[in-house]
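Participant: Submitted below is the structure of interest, expressed as structure tokens.
The values are calculated or read from the model by the stated rules, or taken from the named source; none is laboratory data. What you are looking at is a predicted structure, and each value in this text was computed from that prediction instead of being measured. So basically every Cβ, Gly included, is an ideal-geometry build from the backbone, and we count neighbours across all protein chains shown.
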């Protein structure tokens, strides 16, 4: 098979957290949406307040004004368990055991309204789940929308499954959710706890073949073929192969992307780079000079983590999308500053899952990656997530779709790397059939969009009282906070991280 994307020598994937396509980029091209050229949000879209009981009203999609209130919306964190997503996608219809079923995309408001309320914390407001961001410099996502319009966007990239962060990230590396055995039967992992179990140490507990291993087998382990750049903690290290090769994990302690920027400047990017944002604001590293240096940059909605401020450890503020914008701006500016390297690099920006926020497009049928499981077989995708393609030979305003039987999902990353670098056969049936990104380099004309064209980003930490104080579920093993806290303690004990 001929190599695809022959001009691309480096792939960089940035995977953020828990935002739907409609929430982030549904308002990017209103006119193209009306013309049927872009599958975005239209003003008449709605959810019923109570899908199981008629005539109790509806809540339509809407756009909040630019400012703090929108930047920390929704707050508290929406539901993102498998059962939550099934309600969001199918209510009031039955949830199928296999296949795409009959999705309504009508249960988002209902599910958010029925999330448990913490004592003294804010009550979820169903309408917040239907808010979608205004694009442009005067909106709340000036960086993301500017890059999407300056280069290319996909309005048909789905999460690999209707499940939480950890499993979707494992999909991106391995083409499967990982499995476990109970009472002699094989199960797919679904919620975060099925990945981490009750073990104290989550590091290296996921044993699956990965694209990292394929790269090393192809090009040899004597050179760095891939790197994972991380901020507070690398969730990729839950996979055993990544954990056993901790050397290619590059920490960015305070300034978001110092190691990545250094590798760009020194022309030492590997063939494949995977960038993880700062998920928490655990203040474990006091070398950072300000609290803003370790605010979450993942775009994840909800409250920040205890311990972000030693003087007020029990009053964490809401998370603002502004810090995700700054992180994205820094990554792009670093890469685009090396013009020769930039021409040979494809930067892909996406999100692991939709995080409970409204999207109107039903997830289609998908190829099950693992045979013989007795629970959910992943024969349908998760909800759509944002996806942006960046390279100076991408025509501004491009809209990309796979054009084949299946849409883009996280395993398209694996499929693309395999076919670009000749890595051999697929890891699973999912990435075997996943469409590649061949065709996103679509113009011989150089795109001269400069980092100087991006608006400046200055972020302020929201006050803890901005919408009421809520504690993250520190004792909930499903929470990323809990997973990272365990992993961080283990990595420090093993000398892999410096406290």
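Participant: Quick one: what pairs do we get from the stretch 423-445, first residue free of Cβ contacts under 8 Å to residues at least 40 places away in the same chain, second surrounded by fewer than 17 Cβ atoms within 10 Å (Cβ to Cβ) and assigned to a loop (DSSP other than H, G, I, E, B), C-beta under 7 Å, 6+ apart or different chains?
Facilitator: Once the first residue is free of Cβ contacts under 8 Å to residues at least 40 places away in the same chain and sits in the stretch 423-445, its partners that are surrounded by fewer than 17 Cβ atoms within 10 Å (Cβ to Cβ) and assigned to a loop (DSSP other than H, G, I, E, B) give 435/404.
Participant: Condition (residue is more than 24 Å from residue 481 (Cβ to Cβ), free of Cβ contacts under 8 Å to residues at least 40 places away in the same chain and not in a helix (DSSP H, G or I)) applied to the stretch 192-206: is it met by at least one residue?
Facilitator: no
Participant: For residue 129, which of the numbered conditions (1) surrounded by fewer than 17 Cβ atoms within 10 Å (Cβ to Cβ); (2) within 21 Å of residue 50 (Cα to Cα) fails to hold?
Facilitator: Of everything listed in (1) surrounded by fewer than 17 Cβ atoms within 10 Å (Cβ to Cβ); (2) within 21 Å of residue 50 (Cα to Cα), residue 129 misses just condition (1).
Participant: Quickly run through the stretch 182-216 and pick out the residues that are within 27 Å of residue 85 (Cα to Cα) and touching a strand residue (DSSP E or B) at 6+ places or on another chain (Cβ under 7 Å).
Facilitator: Once the filter is applied, which keeps residues that are within 27 Å of residue 85 (Cα to Cα) and touching a strand residue (DSSP E or B) at 6+ places or on another chain (Cβ under 7 Å), the stretch 182-216 yields 186, 187, 188, 189, 194, 195, 206, 208, 210.
Participant: Could you tell me which numbered condition residue 227 fails, if it satisfies all but one of (1) farther than 19 Å from residue 411 by Cα; (2) within 23 Å of the chain's Cα centre (by Cα); (3) modelled with pLDDT of 90 or more?
Facilitator: (1)
Participant: Return the total of residues in the stretch 173-191 being closer than 18 Å to residue 238 by Cα and either in contact with a helix residue (DSSP H, G or I) (Cβ under 7 Å, 6 or more places away or on another chain) or in a loop (DSSP other than H, G, I, E, B) (or both).
Facilitator: So the count comes out to 9.
Participant: Take the conditions at pLDDT below 95 and within 21 Å of residue 40 (Cα to Cα) and apply them to residue 397. Does it pass?
Facilitator: Values: at pLDDT below 95: no; within 21 Å of residue 40 (Cα to Cα): yes.
The answer is no for residue 397.
Participant: Here are the criteria: (1) farther than 22 Å from residue 165 by Cα; (2) in contact with a strand residue (DSSP E or B) (Cβ under 6 Å, 6 or more places away or on another chain); (3) surrounded by fewer than 22 Cβ atoms within 10 Å (Cβ to Cβ). Tell me which single one residue 260 does not satisfy.
Facilitator: Single failed check for residue 260: (3).
Participant: Take the stretch 113-142 and flag every residue that is part of a helix (DSSP H, G or I) and farther than 17 Å from residue 26 by Cβ.
Facilitator: Hits for the stretch 113-142 are 113, 126.
Participant: I'd like the full set of residues that are crowded, with 24+ Cβ neighbours inside 10 Å, closer than 24 Å to residue 95 by Cβ and in contact with a strand residue (DSSP E or B) (Cβ under 7 Å, 6 or more places away or on another chain), limited to the stretch 384-430.
Facilitator: Listed by number, the residues that qualify are 384, 385, 409.
Participant: Mind listing just one residue for me: the one in the stretch 34-43 that is in a loop (DSSP other than H, G, I, E, B) and modelled with pLDDT of 95 or more and, of those, surrounded by the fewest Cβ atoms within 10 Å (Cβ to Cβ)?
Facilitator: Our first condition is that a residue be in a loop (DSSP other than H, G, I, E, B); within the stretch 34-43, this holds for 35-43.
Of the ones still in play, those that are also modelled with pLDDT of 95 or more are 35-42.
Working: 35: 9, 36: 7, 37: 12, 38: 19, 39: 20, 40: 25, 41: 25, 42: 13.
Only one residue fits best here, namely 36.
Participant: Within the stretch 46-58, restricting attention to residues that are crowded, with 20+ Cβ neighbours inside 10 Å and touching a strand residue (DSSP E or B) at 6+ places or on another chain (Cβ under 8 Å), which residue is farthest from residue 139 (Cα to Cα)? Break it down into steps so the answer makes sense when it comes.
Facilitator: Of the residues in the stretch 46-58, the ones crowded, with 20+ Cβ neighbours inside 10 Å are 47-48, 51.
Okay, now just the ones that are also touching a strand residue (DSSP E or B) at 6+ places or on another chain (Cβ under 8 Å), so 47-48.
Working: 47: 24, 48: 27 Å.
Here the answer is 48.
Participant: Out of the stretch 151-170, which residues are more than 25 Å from residue 396 (Cα to Cα), in contact (Cβ under 8 Å) with a residue 60 or more places away in the chain and outside any loop (DSSP other than H, G, I, E, B)?
Facilitator: 165, 166, 168, 169, 170
Participant: Do we have any residue at all in the stretch 2-18 that's on the phi < 0 side of the Ramachandran plot, part of a loop (DSSP other than H, G, I, E, B), touching a strand residue (DSSP E or B) at 6+ places or on another chain (Cβ under 8 Å) and surrounded by fewer than 23 Cβ atoms within 10 Å (Cβ to Cβ)?
Facilitator: Our first condition is that a residue be on the phi < 0 side of the Ramachandran plot; within the stretch 2-18, this holds for 2-4, 6-17.
Imposing the further condition that a residue be part of a loop (DSSP other than H, G, I, E, B) reduces the set to 2-4, 6-9, 17.
Now drop any that are not touching a strand residue (DSSP E or B) at 6+ places or on another chain (Cβ under 8 Å), which leaves 8-9, 17.
Subset that is surrounded by fewer than 23 Cβ atoms within 10 Å (Cβ to Cβ): 8-9.
Yes.
Participant: Let me ask something additional. Could you tell me which residue of the stretch 424-451 is modelled with the lowest pLDDT, considering only residues that are over 18 Å from residue 343 (Cβ atoms) and more than 25 Å from the chain's Cα centre (by Cα)? So that I can check it myself, show each step before the final result.
Facilitator: As a first pass, look at the stretch 424-451 and keep what is over 18 Å from residue 343 (Cβ atoms): 424-436.
Now restrict to residues that are more than 25 Å from the chain's Cα centre (by Cα): 424-425.
Values: 424: 92, 425: 95.
Per the criteria, the residue is 424.
Participant: Given the criterion surrounded by 22 or more Cβ atoms within 10 Å (Cβ to Cβ), at pLDDT 95 or above and more than 30 Å from residue 464 (Cα to Cα), identify the matching residue among 176, 149. Working first, answer last.
Facilitator: Numbers: 149 fails: surrounded by 22 or more Cβ atoms within 10 Å (Cβ to Cβ).
The unique qualifying residue is 176.
Participant: Shifting gears a bit: So which residues in the stretch 80-112 are within 21 Å of the chain's Cα centre (by Cα), part of a loop (DSSP other than H, G, I, E, B) and buried (at least 19 other Cβ atoms within 10 Å of the Cβ), if there are any at all?
Facilitator: Within the stretch 80-112, 80, 105 meet the criteria.
Participant: Looking at the stretch 37-62, I want the residues that are free of Cβ contacts under 8 Å to residues at least 40 places away in the same chain and have a partner that is assigned to a strand (DSSP E or B) and surrounded by 14 or more Cβ atoms within 10 Å (Cβ to Cβ) with Cβ atoms under 8 Å, at least 6 apart or on another chain. Which pairs are those?
Facilitator: 54/48; 56/48; 57/48; 58/46; 58/47; 58/48
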